[in-house]
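Worksheet: one structure, shown below.
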Amino acid sequence: MQGLMSDQPLLISSLIEYAARYHGETEIVSRTTSGGEERSNYKKTHIRSKKLSQALKRLGMQIGDRIATMAWSNIRHYELYYGVSGIGSVCHTINPRLYPEQIIFIINDAEDRILFIDPDFIPLIEKIIKSLKKLTTVVVLCTKQEMPEASFIENLICYEDLIDAEDGNFNWPQFDEKTASSLCYTSGTTGNPKGVLYAHRSTIIHSLAAAAPDNLSVSARDVVMPVAPMFHANSWGIPYVATMVGAKLVLPGRHLDGESVHSLITKEGVTLTAAVPTIWLMLFEYLEKSGKSLSPLKRCMIGGSACPRSMMEVFKKKYGVTVIHGWGMTETSPLGAINTPLAKHFDMSLDELLDLSEKQGRPMYGVELRITDDKGKVLPHDGKVFGDLWIKGPWICSGYINIKNSGVHEEDGWFMTGDVATIDPDGYMHITDRTKDVIKSGGEWISSIEIENIAVGHYKVAEAAVIGVPHPKWDERPLLVIVASEGNKIEKEEILEYLKDKIASWWLPDDVVFVDEIPHTATGKIQKLALREKFKEYKLEVS
Ligand code: ADP
């Protein structure tokens, strides 16, 4: 229509074009597997991403072709985000921590044509290469000198050779913003992993929302380090958000232990970081031992699993860092709700604010949340009743690839998350459990997450998980599984006494078991399924 605004498509290539033009000298830094560092900037990665696009074209890649990556968070991986999506191909990031059978499944399900891998993964790919049906080419993300002398993989290509053959004199094409840009699989704790396809449009809108002050509040003055890996929901979208605002970007590579993460924060001046709670437990352990501070870090986004109040308290009171608690899923790009306060919370004390922060957050503009009961009836936002959590919006998936009827997507855009939550009148959502982890005792639900979060507040507890075990009278009762913190021994009576006045009496676990380690999923979450399996024969003492 005449006089209407431009309909210029929202494309991922426009992010790096912008950053190269206006923030060209701003750095991108990454740590290599051997502990070295690589430094670049938006100007240089822009040109290298274009060279990569030229090379992919030379290899015959077109709009819609899937190109896989198996790599840590590093600069070459960042170049793939832009070089692959820039030509309309789909950047499929693979989580290397999945089982080999799952990796074979998703590479075949996605019909990946080319696979880019960090050198660390050559042995893994050598073992499975024969099962990868559509794959024609494997490229190793390294220099010529770092290439292996021999490999079982035929025609192994060196990344630097591949892009060196191009001149970077290339314009990224314009195409429909609804074109697929990248692909992530859920970790598949039940059944096979499912593919979630992001679009250029959804990625850009999600990035705009994520950068806003009430969400991650990211600006050109920040130094941003996503510790959530680039294969976990695209580092929660942060490599796009940082580029969009021209923030310095720090990519931590393979080693995410406390010392490695801390040294990057202090050396590079990181102001904003993001990861699952497990990462911060390792960091705290290191800080305790070394007596070091966390300056200059200001904000830390925590999600992926519930952030215990005790963790937010240590961050704030001991290290002066504000935790931004958030909730999301691979299916939600991933940000769905973020916990930042409202104007009416100005008068709150720090402890009251910490109480508020336990909730997973309120929806940002663009997403809608609702909860329903077993029959699908929409429940009130009163902060008390809990039900199945649904989400809807322009960066929420409308289905899974190669699955006709997911059973969790509705025609009108609502997606059932598999989480159980309450929503209060201000819109703050509080997750009580995953549907499949819910403990039902005498027909009433017990929140395993809440008990776990309180238990880890005890200084002798490093990690806690609560699962339901069979009970003749109540169907199920909670069993608390504990890993003691280093150098500490904790008794059953001690932890039950600690929990006693903090939860309803009928929520009190019937028993406590102590283990050396709790199993984690490929994305660093407690693997309840494996725990339930381990304790399936567990007999509670029934009085
Ligand atoms: P995967 O299942 O592949 O690990 P996701 O990252 O998509 O991947 O997992 C999403 C799930 O993680 C959510 O449905 C929810 O159960 C859980 N989750 C994410 N953030 C939080 C949070 N802040 N509190 C509690 N659970 C969370």
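The values are calculated or read from the model by the stated rules, or taken from the named source; none is laboratory data. Owing to the predicted nature of the structure, the values given are computational and were not obtained by experimental measurement. Backbone-built Cβ (ideal geometry, glycine too); neighbour counts: all protein chains shown. The area values use the complete protein model at the heavy-atom level, side chains included, leaving out ligands, DNA and RNA. Shrake-Rupley method; radii C 1.70, N 1.55, O 1.52, S 1.80 Å.
Would you kindly derive the ³J(HN,Hα) couplings of region 214-229 from the backbone phi angles with the Karplus curve 6.51 cos²θ - 1.76 cosθ + 1.60 (θ = phi - 60°), listing them in order in whole Hz, with x for Gly and Pro?
Working through the residues one at a time gives 7, 10, 8, 6, 9, 9, 5, 8, 8, 10, 10, 10, x, 8, 4, x Hz.
Residue by residue through region 374-388, which ³J(HN,Hα) values in whole Hz follow from phi under the Karplus form 6.51 cos²θ - 1.76 cosθ + 1.60 (θ = phi - 60°), with glycine and proline marked x?
Each residue's phi maps through the Karplus curve to give 3, 8, x, 6, 6, 9, x, 8, 10, x, 10, 6, 10, x, 5 Hz.
With all protein chains present, how much of the accessible area of region 439-534 (probe radius 1.4 Å) comes from carbon and sulfur, to the nearest whole percent?
Carbon and sulfur: 50 percent of the exposed surface of region 439-534.
Could you order Tyr319, Tyr18, Tyr365 so the one with the most accessible surface comes first? Probe is 1.4 Å.
Tyr365, Tyr18, Tyr319
Semi-axes, largest first, in whole Å: what does sqrt of 5 times each Cα gyration tensor eigenvalue give for region 439-534?
20, 17, 11
Using 22 Å as the Cα-Cα cut-off, could you pick out the over-long pairs in Lys375/Lys436; Lys267/Lys289; Lys359/Lys534?
Lys359/Lys534
Over all directions, the average projected area of the alpha-carbon convex hull for region 98-205 comes to how many nm²?
8.8 nm²
Taking the solvent-accessible surface of protein heavy atoms with a 1.4 Å probe, what is the per residue accessible area of the chain in Å²?
Value returned for the chain: 44 Å² of accessible area per residue.
Can you compute 3J(HN,Hα) from phi for each residue in region 118-134, using the Karplus curve 6.51 cos²θ - 1.76 cosθ + 1.60 with θ = phi - 60°, rounded to whole Hz and x for Gly and Pro?
Each residue of region 118-134 in turn: 6, x, 4, 9, 4, x, 5, 5, 4, 5, 10, 3, 5, 8, 8, 5, 8 Hz.
Which cross-chain or sequence-distant (5 or more) residues have an amide H under 5 Å from the amide H of Ser217, H modelled 1.01 Å from N in plane?
Excluding prolines and chain starts, which carry no amide H, the hits are Ala212.
If packing is taken as the average number of other Cβ atoms within 10 Å across a peptide's residues, how do 284-290, 301-307, 79-85 rank, most packed first?
79-85, 301-307, 284-290
Name the long-range amide H neighbours of Glu463: under 5 Å, sequence gap of 5 or more, or other chain; modelled H, no Pro or chain starts.
Sorted by chain and number, the residues that satisfy this are Val483.
Please list 101-107, 483-489 highest first by mean number of surrounding beta-carbon atoms within 10 Å per residue.
Ranked from most to least packed, the peptides come out as 101-107, 483-489.
In what sequence, largest accessible area first, do Arg254, Arg21, Arg309 appear using a 1.4 Å probe?
The residues order as Arg21, Arg254, Arg309, largest area first.
Can you give the alpha-carbon Rg of region 61-159 over 2.2 N^0.38 Å, where N counts its residues?
Taking the Cα Rg and dividing by 2.2 N^0.38 Å, one obtains 0.99.
Counting alpha carbon pairs within less than 8 Å and at least 6 residues apart, what relative contact order, in whole percent, applies to region 405-532?
18 percent
Sequence-distant or interchain residues sharing an amide H contact under 5 Å with His520, placed H: which?
Gln527
Tell me the carbon and sulfur percent of the accessible area for region 121-210, rounded to whole percent, probe radius 1.4 Å.
48 percent
Could you work out the relative contact order of region 349-434? I mean the mean sequence separation of Cα pairs under 8 Å and 6+ apart, divided by the number of residues, in percent.
Result for region 349-434 is 33 percent.
Please give the FRET efficiency for Glu313 paired with Lys375, using the beta carbon to beta carbon distance and R0 = 51 Å, rounded to the nearest 0.05.
Efficiency, from the Cβ-Cβ distance: 0.80.
How much length is gained on full extension from Ser505 to Glu537, taking 0.36 nm per residue of separation minus their Cα-Cα distance?
In short, 9.0 nm is gained.
Going down the list Lys43/Lys298; Lys44/Lys248; Lys44/Lys194; Lys134/Lys404, which pairs span over 24 Å between their C-alpha atoms?
Among Lys43/Lys298; Lys44/Lys248; Lys44/Lys194; Lys134/Lys404, the Cα-Cα distance tops 24 Å for Lys43/Lys298; Lys44/Lys194.
If packing is taken as the average number of other Cβ atoms within 10 Å across a peptide's residues, how do 233-244, 62-73, 34-45 rank, most packed first?
Top to bottom by mean Cβ count within 10 Å: 233-244, 62-73, 34-45.
Of the trypsin sites (Lys or Arg not before Pro) in region 147-210, which ones lie in a loop per DSSP and count no more than 15 other C-beta atoms within 10 Å?
Sparse-neighbourhood loop trypsin sites (Lys or Arg not before Pro): Lys178.
Would you mind calculating the gained length between Glu259 and Arg221 on full extension (0.36 nm times residue separation, minus the Cα-Cα distance), in nm to one decimal?
Difference between extended and current length: 11.2 nm.
Helix-only estimate, please: 222 nm mean residue ellipticity of the chain, summing -39500 (n - 2.57) across DSSP H runs of length 4 or more and dividing by its residues, to the nearest 500.
Calculated at 222 nm, the ellipticity per residue is -8000 deg cm²/dmol.
Round to the nearest 0.05 the FRET efficiency obtained for Ile63 and Trp445 when R0 = 45 Å and r is the Cβ-Cβ distance.
0.45
Only Cα pairs under 8 Å and at least 6 apart count here; give the relative contact order of the chain as a rounded whole percent.
10 percent
Using a 1.4 angstrom probe on the protein heavy atoms only, could you order Asp426, Asp412, Asp7 from most to least accessible area?
Order by accessible area, largest first: Asp7, Asp412, Asp426.
One quarter of the convex hull surface, Cα atoms only: what value does that give for the chain in nm²?
Its Cα hull, projected and averaged over all orientations, spans 27.3 nm².
Between region 529-543 and region 212-260, how many Å separate their Cα centres?
40 Å
First measure r as the distance between the Cβ atoms of Glu111 and Val513, then evaluate 1/(1 + (r/R0)^6) with R0 = 51 Å and state the FRET efficiency to the nearest 0.05.
Efficiency, from the Cβ-Cβ distance: 0.70.
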